[in-house]
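J.: I'd like to ask you about the structure that follows.
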Amino acid sequence: MRLLVVEDEARLATALQRGLQAEGFVVDVAGSGPEGLDLARHGGYDAMILDVMLPGLSGYRVVRQLRAEKHWLPVLMLSAKDGEYDQADGLDCGADDYLTKPFSYVVLLARLRALLRRGAPRRPVVLVAGDLSLDPARRRVTRDGAEVDLTAREYALLEYLLRRAGEVVSKTELLDHVWDASLRTAPNAVEVYVGYLRRKIGRDRLETIRGAGYRLVT
Ligand code: CA
């Protein structure tokens, strides 16, 4: 899952980025309203964490503009302000949820996961394909009822493939959604991790479609 964090307080932005990366998310950071808006329009994100008080353009205006342009990515707004008036403001302008600073990281993560689930209502809470199941809320993967132990990257790869189960997913899509574009990823990283994953979930579960990508068998 690919996230955009728009926050001008560098320390908070860095802490959020590191924390979320450790959970297996791919995270980009923007430090101003206009930069955030531009990335949100073109970045292919699964959700956005958006501060209200930003240089250039407020978070309210960023989300209003995105909705006006029919971009529907889920938005979690952050603000130092407190009070019902501001929450209503945030939700009125098209944000999906609202968190007042200072917030607990655990709460942020829970709300973010809820948002990602709600983001696409047809998605089941627990992702299932054959004897394989992945519970995003508990970060738990089982195969035929037995727990499968995955690294953060293997988990992120499997989650993305499960959300697209039955479809052919290209290497480029996997690199975009599972790896951080700002890091130099070895070109064969996808193959290497597909190999790791196959060893854990079963070789026949993940087909290679020559020249096109991979498909998780349903
Ligand atoms: Ca701010």
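J.: I need Arg140, Arg205 ordered by Cβ neighbour count within 10 Å, fewest first. Working shown, then result.
T.: On the way: Arg140 14, Arg205 21.
Ordered from fewest to most neighbouring Cβ atoms within 10 Å, Arg140, Arg205 come out as Arg140, Arg205.
J.: Calculate for the chain the 222 nm mean residue ellipticity that helices alone would give, adding -39,500 (n - 2.57) per DSSP H run of length 4 or more and normalising by residue count, nearest 500 deg cm²/dmol. Write down the numbers at each step before the final one.
T.: On the way: 8 runs with 90 residues, N = 218.
After summing the helix terms and dividing by the residues of the chain, the value is -12500 deg cm²/dmol.
J.: Here's a follow-up. Give me the dipole magnitude in Debye, nearest 20, for the chain about the Cα centre, with unit charges on the beta carbon: positive for Lys and Arg, negative for Asp and Glu.
T.: Details: 32 positive and 31 negative charges, 158 e Å.
Dipole about the Cα centre, nearest 20: 760 debye.
J.: Let me ask something else. What length, rounded to one decimal in nm, is gained on full extension from Glu9 through to Asp176, with 0.36 nm per residue of separation minus their alpha-carbon distance? Please list the in-between numbers first.
T.: On the way: separation 167, 0.36 × 167 = 60.12 nm, distance 2.58 nm.
Between Glu9 and Asp176, full extension yields 57.5 nm more.
J.: So what are the ³J(HN,Hα) numbers for region 9-21, from phi and the Karplus equation (6.51, -1.76, 1.60; θ = phi - 60°), rounded to whole Hz, Gly and Pro as x?
T.: Values, residue by residue: 7, 4, 5, 5, 4, 5, 4, 5, 4, 5, x, 6, 5 Hz.
J.: Which order do Val63, Val29, Val128 fall in if you start with the one that has the fewest other Cβ atoms within 10 Å?
T.: Working: Val63 28, Val29 20, Val128 14.
Lowest to highest Cβ neighbour count: Val128, Val29, Val63.
J.: Please report Arg118, Arg18, Arg153 as a ranked list, fewest other C-beta atoms within 10 angstrom at the top and most at the bottom.
T.: The fewest-first ordering by Cβ neighbours comes to Arg18, Arg118, Arg153.
J.: Would you mind checking which residues have amide H under 5 Å from Tyr98's amide H? H placed 1.01 Å from N; only 5 or more apart, or other chain.
T.: So Tyr98 has HN proximity to Met77.
J.: In percent, how large is the relative contact order of the chain, given Cα pairs closer than 8 Å and 6 or more residues apart? Each step should come with its number before you reach the end.
T.: Working: 344 pairs, mean separation 34.1, N = 218.
This gives 16 percent for the chain.
J.: With θ taken as phi - 60° and the coefficients 6.51, -1.76 and 1.60, list the Karplus ³J(HN,Hα) couplings across region 190-195 in order, rounded to whole Hz; mark glycine and proline as x.
T.: 4, 4, 4, 6, 4, x
J.: If I take R0 = 30 Å and measure r between the Cβ atoms of Arg139 and Met53 in this structure, what FRET efficiency does the formula 1/(1 + (r/R0)^6) give, to the nearest 0.05?
T.: Numbers: r = 32 Å, r/R0 = 1.07.
Computed FRET efficiency for Arg139 and Met53 comes out at 0.40.
J.: Further, regarding this structure: How much length is gained if the chain between Ala146 and Val106 is pulled fully straight, taking 0.36 nm per residue apart and subtracting their Cα-Cα distance, in nm to one decimal? Please list the in-between numbers first.
T.: Values: separation 40, 0.36 × 40 = 14.40 nm, distance 2.70 nm.
Full extension of this stretch gives 11.7 nm more.
J.: At what distance in nm do the modelled label points of Lys200 and Arg18 sit from each other, each positioned 7 Å from its Cα along Cα→Cβ?
T.: 2.4
J.: Please report Rg (one decimal) and Dmax (integer) in Å for the Cα set of the chain.
T.: Calculated on Cα positions, Rg and Dmax stand at 18.1, 55 Å.
J.: Next up: Quick check: residue separation of Asp131 and Ala68 times 0.36 nm, minus the Cα distance between them. What number comes out in nm?
T.: Numbers: separation 63, 0.36 × 63 = 22.68 nm, distance 4.21 nm.
Contour length minus the Cα-Cα distance gives 18.5 nm.
J.: Now a separate question. Round to the nearest 10 and give me the degree value, 0 to 90, for the angle of helix 152-163's Cα axis relative to the longest principal axis of the chain.
T.: 90
Laboratory data are not the source of any read-out in this text; all were calculated from the coordinates shown. Since the model is a prediction, treat every value here as computed from it, not as a measurement. Methodologically, a virtual Cβ is constructed for each residue, glycine included, from the backbone with ideal geometry; neighbour enumeration extends over all protein chains shown.
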